Amino acid sequence: MSAAPSSAGQLPGGPSLPQERRLVTAVPGPKSQELQARKLAAVAAGVGTTLPVYITRAGGGVVEDVDGNSLIDFGAGIAVTNVGNSAKAVVERAAAQLAAFTHTCFMVTPYEGYVAVAEQLNELTPGDHEKRSALFNSGAEAVENAVKIARAYTKRTAVVVFDHGYHGRTNLTMGMTAKNMPYKHGFGPFAPEVYRVPVAYPYRWLTGAENAAADAAAQAIDMINKQIGAENVAAIVIEPILGEGGFIEPAKGFLPAIVEFAKANGIVFVADEIQTGFCRTGQWFACEDEGIVPDLITTAKGIAGGLPLAAVTGRAEIMDAAHAGGLGGTYGGNPVACAAALGSIETMKELDLNAKAQAIGATMLPRLRAMQEKFDIIGDVRGRGAMIAVELVKPGSKDPNPEATAALAKACHAEGLLVLTAGTYGNVLRFLPPLVMPEHLLAEGLDILETAFAGL
């Protein structure tokens, strides 16, 4: 099998795992195939797998499987391991907490780690107003609790979401999610009082990208006023860059218009930063790009270096609207996860991962745009920082091309590059490398991708 030249590529405080692509078997190899057979016999069929290679070690920009293959990681566990899979501060803090105690339930006997994470979130999220935070287990939990808090504060019930949005897999968040398959199909009925309006999708806006912001905002506001009544809306919830929908960056001006409408009508504006947060877009939070200060912000994924943790952070008067005991959960703000989050945030600051994300974008976007000039199936290249995507179409049109997307992902996987797909139409390749990825691996991954395009 082919392999890149060995290069340790060590990072400050980083992994001892060699930072190299190494293929010693086919992907997946025989040991992974054996484990996959066990998975199929033991795990529910509804739990899918993008690439059935079974991992034994991971760190920096690679994952190593049971067969000894080392793959370049352009997925970061879906934007989770922004600081890498084994960042020193995360490992050390989590290990120390694990040795001290694993759980008491913060609602029973609290501990400092939860408070310290809340303090960090209150400081890092946009706005200099007084804030509060509450910790949970997953992004879907965070979104669901943001809705609860907004309803408690406004005494209203309606929730407005957007085309192409994704918010989770619980009953309420499935209802808030736009895409049917695989997230919603067969799982209804869903929670009521959820309403969907257009989003400014520049590439696919019928009257042109230059009109997307104004037209989409006007349509969304008109629909809210006519079909719901602004006075009935508790919350407007949107991802500043729509993740599972295909890394759609709304046209500039759209989000500020929606924020202005929400503010004028007493509606809580919620920024869902679960995939975009924690340096992923080259800023701590993607909503900062247009100077947006949300009333509430939901976070998860990149917060704790791979341990399960999520949060809602927002204006103190809104966060405090829920009655005592109304927010929480047995595992919410688990002490080991909190320790990992403090180590993750420490690493982001120490290594200036916002700058690193910007550098990744500065490398990836020109290479991908050059590929767009060569390969007519690339309809759009978009993204910010280390949250980048290409949308694939049938040549000569904007018709989605999910078949080519799947084939490209498969070709990349076979060559030791882990990539993910996304998009409402299943036609987007999304790239989410760990922010600590060495430059040589980033370049090699792009070479593999270009070769895969050429081989279609």
Residues of the range 135-165 with backbone nitrogen within less than 20 Å of a virtual label 7 Å along the Cα-to-Cβ line of residue 260, please, listed as ranges. none
Which value, in Å³ per residue, describes the convex hull spanned by the Cα atoms of the range 88-351? 129
Among 206, 449, which comes first, then next, by fewest other beta-carbon atoms within 10 Å? 206, 449
The chain - charge dipole about Cα centre, Lys and Arg +1 at Cβ, Asp and Glu -1, debye rounded to 20: 820
Anchor residue 349: lysines whose Cα lies under 29 Å away (excluding residues fewer than 8 positions away in-chain): 88, 131, 252, 301
Proximal lysines to residue 410, defined as alpha-carbon separation beneath 24 angstrom and excluding residues fewer than eight positions away on the same chain: 31, 39, 179, 374, 394, 398
Computed on alpha carbon atoms, what radius of gyration and Dmax characterise the range 236-294, expressed in Å? 11.0, 32
In whole Å, what are the Cα extents of the range 218-336 along the three principal axes, biggest one first? 47, 36, 23
Relative contact order, percent, of the chain when contacts are C-alpha pairs under 8 Å separated by at least 6 residues? 21
Karplus-derived 3J(HN,Hα) from phi for the range 288-302 (6.51 cos²θ - 1.76 cosθ + 1.60, θ = phi - 60°), whole Hz, x at Gly and Pro, runs 5, 4, 10, x, 7, 10, x, 5, 10, 9, 9, 9, 5, 5, x
Applied in sequence order to the range 49-61, the curve 6.51 cos²θ - 1.76 cosθ + 1.60 (Karplus, θ = phi - 60°) yields integer Hz couplings, x standing for Gly and Pro, of 9, 5, 9, x, 9, 9, 8, 10, 9, 7, x, x, x
Tell me the label-point distance for the pair residue 191, residue 406, using the 7 Å Cα-to-Cβ offset, in nm and rounded to one decimal. 3.3
Using amide H atoms built in the peptide plane, which far-off residues or other-chain residues are under 5 Å from residue 197 H to H? 161, 162, 163
Within the range 291-327, which residues have the backbone N less than 12 Å from the label spot 7 Å out from residue 129 along Cα→beta-carbon, could you tell me? 293-297, 314-320
Dimensions in Å of the range 274-413 - Rg and Dmax from alpha carbons: 19.3, 59
For residue 57, which sequence-distant residues (separation of 5 or more, or a different chain) have an amide H within less than 5 Å of its own amide H, given hydrogens modelled in the peptide plane? 64
Give me the three principal axis extents of the chain from the C-alpha atoms, as integers in angstrom, largest value leading. 63, 61, 44
Provide the gained length on full extension for the span residue 398 to residue 362, in nm with one decimal, where the gain is 0.36 nm per separating residue minus the Cα-Cα distance. 10.3 nm
Projected onto the charge dipole of the chain (+1 at Lys/Arg Cβ, -1 at Asp/Glu Cβ, origin at the Cα centre), which of 377, 17, 51 gives the Cα projection farthest towards the positive end? 51
Nearest-0.05 FRET efficiency for residue 352 and residue 209 at R0 = 35 Å, using Cβ-Cβ distance, is 0.60
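Every number here is computed from the coordinates shown, using simple stated rules; none is lab data. Bear in mind the structure is a predicted one, so any value in this text is a computation, not a measurement. Cβ atoms come from the backbone with ideal geometry, glycine included; neighbour counts cover every protein chain shown.
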